[in-house]
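The values are calculated or read from the model by the stated rules, or taken from the named source; none is laboratory data. Note that this is a predicted model, so its numbers are computed, not measured. All Cβ positions, glycine included, derive from the backbone under ideal geometry; neighbour counts span all protein chains shown. Ligands, DNA and RNA are excluded from the accessible area calculation, which covers all protein heavy atoms including side chains. Shrake-Rupley method; radii C 1.70, N 1.55, O 1.52, S 1.80 Å.
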Amino acid sequence: GTRKRRRGGKGKGGGGGGGGRAVQYWMVVSSPDNFTRTREHGFSIQGIKSRHKNRVASMHSGDRLLYYIHGRMAFSATATVTSPMYEDHTPIWRTDRREEDYPWRVHIRLDQFLEEPDWVQGKYIAYRLEYVKKWPPEHWPLAFQGHLHQLPKTDFTLLEDEILRLVRRLPAKDPVAG
């Protein structure tokens, strides 16, 4: 027979929704300006740079996004992907490269959101992240260079729990209306 045998029971995959597919956890590294643009669109859409087509193509409804704002070194929001990837060149987000129009897009739904003064500061939490351990501790900001990263579920959960803890301390506000 040509049946494949899986070794050792507990591997990756399994669990999660999406037809037996595991939920993936993503970190979108954004400028403050581009984060504002996502917010102005009601946290309904997220575009990703052209060079990340394959990563975005692997996103599915139910995958989770975490926003890290470079320049502020802080975590600001979480969202859930609600569509497969599609291509759209409508200008929304900006970068120094004029030809970059963030064409690989997914629809999203906002889950948790903090206003800028309340953002979770990376320097206080980065050392607790599995993802960051590949870098020397003093160079933790290097872990957040680049535009799109896959995170372990434990890191995503840690950060979302921290955002949620702060959200609960604050008076309720509509993140879209401001």
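Answer yes or no as to whether residue 94 is basic (Lys, Arg), part of a strand (DSSP E or B) and open to solvent by 40 Å² or more (accessible area, probe 1.4 Å).
It is false that residue 94 is basic (Lys, Arg), part of a strand (DSSP E or B) and open to solvent by 40 Å² or more (accessible area, probe 1.4 Å).
Considering only segment 59-79, state which residues are over 19 Å from residue 166 (Cβ atoms) and at pLDDT 95 or above.
59, 60, 61, 62, 63, listed by residue number.
When you go through 138, 99 one by one, which is the residue that is free of Cβ contacts under 8 Å to residues at least 40 places away in the same chain and part of a loop (DSSP other than H, G, I, E, B)?
Of the residues listed, the single one that is free of Cβ contacts under 8 Å to residues at least 40 places away in the same chain and part of a loop (DSSP other than H, G, I, E, B) is 99.
Collect the residues in segment 141-166 that are touching a residue at least 60 places away in the same chain (Cβ under 8 Å), crowded, with 16+ Cβ neighbours inside 10 Å and assigned to a helix (DSSP H, G or I), keeping them in residue-number order.
Those that are touching a residue at least 60 places away in the same chain (Cβ under 8 Å), crowded, with 16+ Cβ neighbours inside 10 Å and assigned to a helix (DSSP H, G or I): 144, 155, 156, 159, 160, 162, 163.
Matching residues to (1) out of contact with any Cys (no Cβ under 6 Å at 6 or more places or on another chain); (2) under 22 Å from residue 158 (Cβ atoms); (3) open to solvent by less than 10 Å² (accessible area, probe 1.4 Å); (4) without any contact (Cβ under 8 Å) to a residue 12 or more places away in the chain:
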{"residue": "24", "(1), (2), (3), (4)": "yes, yes, no, no"}
{"residue": "37", "(1), (2), (3), (4)": "yes, no, no, no"}
{"residue": "45", "(1), (2), (3), (4)": "yes, no, no, no"}
{"residue": "48", "(1), (2), (3), (4)": "yes, no, yes, no"}
{"residue": "53", "(1), (2), (3), (4)": "yes, no, no, no"}
{"residue": "63", "(1), (2), (3), (4)": "yes, yes, yes, no"}
{"residue": "70", "(1), (2), (3), (4)": "yes, yes, no, no"}
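Taking the condition of being outside any helix (DSSP H, G or I) and on the phi < 0 side of the Ramachandran plot, how many residues in segment 31-53 meet it?
Within segment 31-53, residues that are outside any helix (DSSP H, G or I) and on the phi < 0 side of the Ramachandran plot number 8.
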